[in-house]
Amino acid sequence: MSHEIVHTFGFTVYFVFLLFFLWISRFARTSSGAGWWAVSISFALCSRLVLFMAASAPTNIQPAAFVYALFIIMEKPFLLTGLVRFLNLEVQERWFWIAGGLAEMWILSTWTLEAPGYVRSTGYALLNAGMLAYLGYTAFRHRHEVPGWTLHATAAAASALAIHWLTAPYAMFYAPAWSRNGFLLGTLLVLMMYSSLLAAILHRVQKRLMDAEAKALGLAFLDPLTGLKNKRYMEQLFDHALLLATRPHQVVAVFYIDLDNFKPINDSAGHAVGDQVLKTVAARLQSHTRSTDICARVGGDEFIVIGTQLEQAEQAYEIAKKLLEQLTTQIPVSGNNFALGASIGISLYPQHGTSLNELIERADSAMYQVKRNGKSGFIIYDAR
């Protein structure tokens, strides 16, 4: 394999990664690390283009080596800055640029003084290796901040590149024929490093999209005022919840709760106070039901509680009694105590229905029977 093929492979790969980083940096709320890495790999791309042109015209090899060294050094401060920005680390970035500046000064001064090739390469090889070693250390130290293998691979590739920079210049000096293999190995390690960095960004993007989807789904099924489940949740997921929460020969109870004396509070104290009362009611319902039960707000002052995993129907009376006790206890808001009541109708699965609509309809009917009997009580649906 000739030098031209190796360098063509190198700058082609770098160009593809440049396009990927430029593309992903345009995503909304993407870490600025992608933009910094796009710049860093553009310097690597330019360095390989210089070597490719030099391989086509061997007489220009020395000037090409000089320009290559300038470009390849400038890659590293951008590379490190990108990692720091990606991980949101409290690191003094100016040291990256100081190190890069020192390496550039070394290259310029040794070239001006016409120092031997191995002397010129020693300085910038050490600084390249040092910055890559720091990159590997930082990626390994913060490897758990990105799920999966991505930062592990970054740490491994950067560390291997650091060793490569420490050894390759001297190997090429004493065995020039090895330079082609050295450049190929370096290209593969760079490919591994940038691939892992790209994968780390995509992991972050994927997690952000999944979190946003989960949040949107959660909001779609939650009442915005009280945080309880809403009617949409019950309509779409009740059957699934029923399968999870019910074992054979167990009973499910649906409690339809309509608050008594809530409208006068809204009319006299205002809707802001009324909202606080509803929030307190929701909190009491949640704190006095089990984790397997479902609490939902289905209207202005109407709530539904679904009690699952009941061994016998009589347990529904105990739950209703406990809920009624909580809802008839005075509710303090803004220095005032408000007295409510609650009319609770109860239906049982499977005795009174096997679908949510049937159970709610029967529980609602029982609730109106409580209203007719004087409010603030509970009763189980009776078809008679």
Practice task
Output the residues belonging to the range 363-375 that are in contact (Cβ under 8 Å) with a residue 60 or more places away in the chain and open to solvent by 60 Å² or more (accessible area, probe 1.4 Å).
Solution key: 375
Handout entry: Filter result (open to solvent by less than 20 Å² (accessible area, probe 1.4 Å) and either modelled with pLDDT of 90 or more or out of contact with any helix residue (DSSP H, G or I) (no Cβ under 6 Å at 6 or more places or on another chain) (or both)) within the range 259-273
Key = 259, 260, 262
Exercise for the section: Considering every residue within the range 299-322, establish whether at least one is free of Cβ contacts under 8 Å to residues at least 12 places away in the same chain and farther than 22 Å from residue 235 by Cα. Expected result: yes
Completion exercise
Restricted to the range 325-354 and to residues being in a helix (DSSP H, G or I) and surrounded by fewer than 20 Cβ atoms within 10 Å (Cβ to Cβ), the residue modelled with the lowest pLDDT is 328
Practice task
Kindly indicate whether any position in the range 151-161 is open to solvent by less than 50 Å² (accessible area, probe 1.4 Å), of a type in the set (Gly, Ala, Ser) and at pLDDT below 90.
Solution key: no
Practice task
May I ask you to verify whether residue 296 is at negative phi and within 40 Å of the chain's Cα centre (by Cα)?
Solution key: yes
Completion exercise
All conditions in (1) over 20 Å from residue 100 (Cα atoms); (2) assigned to a helix (DSSP H, G or I) are true of residue 138 except (1)
Completion exercise
Exactly one of 249, 240 is at pLDDT below 85 and either farther than 23 Å from residue 381 by Cα or open to solvent by less than 20 Å² (accessible area, probe 1.4 Å) (or both), and that one is 240
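The values are calculated or read from the model by the stated rules, or taken from the named source; none is laboratory data. All values derive from a computational prediction rather than experimental measurement. A quick note on method: Cβ atoms are made from the backbone with ideal geometry, for glycine too, and the neighbour counts reach across all protein chains shown. SASA here: full protein model, heavy atoms, side chains in, ligands and nucleic acids out. Shrake-Rupley method; radii C 1.70, N 1.55, O 1.52, S 1.80 Å.
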